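The structure appears below as structure tokens.
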């Protein structure tokens with residue numbers, strides 16, 4: 001059995017989970033509502049204060065879908081109760097971030113400022129001029145938007161300039177040396 005797939009998901013207080021036909025799962029909580037269509041082969045049951053995911057047979061595809069389905073539902077439950085957050089750091093001389101309404105404006109050493117609009121359901125906040133927080137209830141969207149911000153100027157290995165995740169370690173390289 002899938003060790004992750006067979007673990008039941010506890011439903012916290014204030015959260016309602018509904019499973020419609022075609023495995024359309026809707027999770028409502030204090031922070032909002034998430035819905036997602038999950039693989040139709042999986043059997044999703046709400047039993048009291050727990051959600052149990054089971055698979056029909058032991059084919060390799062079913063085994064891999066089992067753990068995935070359980071994790072996706074768990075991420076939805078965590079999202080509507082606690083929400084997700086990614087922290088990005090802007091490093092470099094003259095590199096900074098600003099916020100204007102729903103727009104994030106980044107000065108990254110280009111000849112123009114880079115403007116990014118916050119997607120639906122995602123909120124960005126700033127701490128000073130060089131720390132960006134990306135918050136939301138959908139783990140996938142939070143990670144994707146954080147990756148898009150980072151891709152505007154990924155950190156380079158010589159001076160470490162660019163936008164990096166707060167927990168990311170940049171492998172540094174030694175610069176070239178002059179003639180002897």
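Just so it is clear, none of the values below were taken in a lab; they were calculated from the coordinates. Bear in mind the structure is a predicted one, so any value in this text is a computation, not a measurement. All Cβ positions, even for glycine, are placed from backbone atoms using ideal geometry, and neighbour counts span all protein chains on display.
Remark: the residue 40-residue 57 segment gains 4.8 nm on full extension, using 0.36 nm per residue and subtracting the alpha carbon distance.
If you look at the Cα atoms of region 84-165, you get an Rg and a Dmax of 11.9, 36 Å.
Between the helical axis of 139-151 and the dominant principal axis of the chain, each derived from Cα atoms, what acute angle in degrees is found, rounded to the nearest 10? The angle comes out at about 20 degrees.
Derived from the Cα gyration tensor, the three semi-axes of the equivalent ellipsoid of region 1-151 are 38, 16, 12 Å, largest first. Dividing the convex hull volume of the alpha-carbon atoms in region 9-81 by its residue count gives 70 Å³ per residue. For the chain, the longest principal axis of the Cα atoms and the long axis of helix 60-81 meet at an angle of about 70 degrees. Note on residue 99 and residue 111: their simple-model spin labels are 3.2 nm apart, each label 7 Å out from Cα toward Cβ.
The stretch between residue 125 and residue 154, if pulled fully straight at 0.36 nm per residue, gains 8.5 nm over its current Cα-Cα span. Taking 14 Å as the cut-off, the amide N atoms of region 66-87 that come nearer than this to a point 7 Å along the Cα-to-beta-carbon line of residue 31 belong to 74-87. Estimated from the Cβ-Cβ distance and a Förster radius of 45 angstrom, the FRET efficiency linking residue 49 and residue 172 is about 0.40.
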